[in-house]
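All remarks here apply to the structure that follows.
Just so it is clear, none of the values below were taken in a lab; they were calculated from the coordinates. Note that the coordinates shown come from a computational prediction; the quantities given were computed from them, not determined experimentally. Note that we place each Cβ from the backbone using ideal geometry, even for glycine, and neighbour counts take in every protein chain shown.
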Amino acid sequence: MQIKIYFNDKPLYLVSALDAELEALSHHSETVLMDELSNAGINSLLHEMRANQIHAGIFMHPDIDKAKKAIWKKFTIIQAAGGIVLNEKKQLLFIFRRGKWDLPKGKLDTGESIEQCAVRETEEETGLKDVVVTDHLLTTFHTYDENGKHILKETYWYLMNVGGEQNPEPQLEEQITALEWADRDNLQKYVANTYPSILEVLKAGDFPL
């Protein structure tokens, strides 16, 4: 089992043991490795992950759930949802926000389910109607600071469908400036200028990178 948390574009891996790839990564000078499940150890790890010279981190502990719980206590947790939207031509919809190609997503509102959140945020950000969730792809984690708080966002990603001839429009107040439908075999433009977590979503959806 492995959990990956992004600090900007830097991954922190939570693992019970090192595979060959992480074993090699652990020997890099820009990788921080921690196996001490203590308050001081976790604080040190999180401090290191924010250092410019560190490009990746590994936290190794035999009980992943226990390690996750200890790290999650250091953050304010926010849940969000979104995903890959396919039209009847099997094209997927990308949004352009803050200089990067992204997928529609947003924060969970009080009282709604995570799937309802994925549909609502997608419809709000794209202007699409009658979006339907078909499958859960994966959940990603990333951290950021906001108003002096350390935030950890859990984003649930879904595969969604939309029918009919619709003309999506970007939600400008959310800093979305463009929307484009992309053929699944012609994604180079988008994957060259997106976030690592979005690449993971596309991979989970079996889209070529």
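Take the residues of segment 150-194 that are under 19 Å from the mean Cα position of the chain (by Cα), assigned to a loop (DSSP other than H, G, I, E, B) and polar (S, T, N, Q): which is surrounded by the most Cβ atoms within 10 Å (Cβ to Cβ)?
Thr194
Look at Leu128 and say whether it is out of contact with any Asp or Glu (no Cβ under 6 Å at 6 or more places or on another chain) and part of a loop (DSSP other than H, G, I, E, B).
So Leu128 passes the test.
Only residues that are farther than 13 Å from Ala67 by Cα, hydroxyl-bearing (Ser, Thr, Tyr) and surrounded by 11 or more Cβ atoms within 10 Å (Cβ to Cβ): list them for segment 1-42, please.
Listed by number, the residues that qualify are Tyr6, Ser26, Thr31.
Condition test on Thr122, is it farther than 29 Å from Ser44 by Cα and part of a helix (DSSP H, G or I)?
So Thr122 fits the description; yes.
For Thr76, which of the numbered conditions (1) more than 30 Å from His136 (Cα to Cα); (2) among the hydroxyl-bearing types (Ser, Thr, Tyr); (3) touching a residue at least 40 places away in the same chain (Cβ under 8 Å) fails to hold?
In the conditions (1) more than 30 Å from His136 (Cα to Cα); (2) among the hydroxyl-bearing types (Ser, Thr, Tyr); (3) touching a residue at least 40 places away in the same chain (Cβ under 8 Å), Thr76 misses (1) alone.
Before we move on, is Gln116 polar (S, T, N, Q), surrounded by 12 or more Cβ atoms within 10 Å (Cβ to Cβ) and under 21 Å from Glu174 (Cβ atoms)?
Against the criterion (polar (S, T, N, Q), surrounded by 12 or more Cβ atoms within 10 Å (Cβ to Cβ) and under 21 Å from Glu174 (Cβ atoms)), Gln116 qualifies.
I'd like to know if segment 67-75 contains one or more residues that are small (Gly, Ala, Ser) and over 19 Å from the mean Cα position of the chain (by Cα).
Scanning segment 67-75 turns up at least one residue that is small (Gly, Ala, Ser) and over 19 Å from the mean Cα position of the chain (by Cα).
What are the pairs, 6+ residues apart or on separate chains, where a residue within segment 185-209 that is in contact (Cβ under 8 Å) with a residue 12 or more places away in the chain has its Cβ under 8 Å from a residue that is buried (at least 18 other Cβ atoms within 10 Å of the Cβ) and part of a loop (DSSP other than H, G, I, E, B)?
Taking only residues 6 or more apart or on different chains, the pairs are Ile198/Leu103; Val201/Leu103; Leu202/Leu187; Phe207/Leu187; Pro208/Leu187; Leu209/Leu187.
State all residues of segment 192-205 that are over 18 Å from Leu159 (Cα atoms) and of a type in the set (Val, Ile, Thr); if no residue qualifies, say none.
Thr194
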